[in-house]
Amino acid sequence: MSVTARWWSLLPLGVLMLTVAAAGPDVRADEADGSSQITISDVQVRLSDHGPVVLLSAEGKFIPIFVDHTVAGSIQGALTGEKLPRPLSHDLMHTILESFGGRVVRTVITLKGGTYYGALTIVLQGQEKVFDSRSSDSIALAIHFKAPIIVSRDLLNQAGKGFSEPKPQTL
């Protein structure tokens, strides 16, 4: 492949990465929080009275993150391996990154001012880059790549809810 052809083949990925980078400044995953970090052990998508919610579980607690229906479907599809007839945005990003030898290696979820953020770490051509993203997008891509989802112990303690047994119904 000629140098010109190779450059043109990388152009779509470059545009995509510039678009993501323009969303905000780099956030180093190891600087996201000074406290110890916890790897999420389970991710579930549920439907609540307030819409779809992603539950990030670790150490007997879960962090609820409300998402839109499209992101919920993308995450659920990535969890179950179900392929839709047409790719969603996360499917497309997964395919593009893989085709150029890139991969998501982790995402760190933080909470600032009542909003969850994702610091998505991508490795491409031997270079590691961290991108600011919506937490739901970084969770979806981490699941697509089977990459760890990380939160701080402080976040798990602050926003995490304990699992409770359902109360028995009386007649």
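Some points to look at:
- Selection count where residues are of a type in the set (Asp, Glu) and either in contact (Cβ under 8 Å) with a residue 40 or more places away in the chain or buried (at least 16 other Cβ atoms within 10 Å of the Cβ) (or both), scope the stretch 87-106: 1
- Matching residues in the stretch 71-86 - criterion: being in contact (Cβ under 8 Å) with a residue 24 or more places away in the chain and out of contact with any Pro (no Cβ under 7 Å at 6 or more places or on another chain): Val71, Ser74, Ile75, Gln76, Ala78, Leu79
- Tabulated pairs, the stretch 42-70, first at positive phi, second open to solvent by 30 Å² or more (accessible area, probe 1.4 Å) and assigned to a strand (DSSP E or B), C-beta under 8 angstrom, 6+ apart or interchain: Gly51/Phe66; Gly60/Gly162
- Test: residue in the stretch 98-115 that is touching a Gly at 6+ places or on another chain (Cβ under 8 Å), part of a helix (DSSP H, G or I) and closer than 24 Å to Ile38 by Cβ: no
- Among the residues of the stretch 42-67, those that are exposed (fewer than 12 other Cβ atoms within 10 Å of the Cβ) and part of a loop (DSSP other than H, G, I, E, B) comprise Asp49, His50, Gly60.
- Against the test of being under 14 Å from the mean Cα position of the chain (by Cα) and charged (D, E, K, R), the options Asp132, Asp154 yield a single qualifying residue, Asp132.
- Filtered residue count, the stretch 74-86, keeping only those that are surrounded by 18 or more Cβ atoms within 10 Å (Cβ to Cβ) and either of a type outside the set (Gly, Ala, Ser) or over 13 Å from the mean Cα position of the chain (by Cα) (or both): 3
- Odd one out for Val71, checked against (1) open to solvent by 50 Å² or more (accessible area, probe 1.4 Å); (2) modelled with pLDDT under 95: (1)
- Some residue of the stretch 143-155 being open to solvent by 30 Å² or more (accessible area, probe 1.4 Å), acidic (Asp, Glu) and modelled with pLDDT under 95: yes
The values are calculated or read from the model by the stated rules, or taken from the named source; none is laboratory data. Values in this document were obtained by computation on a predicted structure and should not be read as measured data. Cβ sites come from the backbone with ideal geometry, for glycine too, and all protein chains shown count toward neighbours. Note: accessible area is taken over every heavy atom of the protein model, side chains too, but ligands, DNA and RNA are not part of it. Shrake-Rupley method; radii C 1.70, N 1.55, O 1.52, S 1.80 Å.
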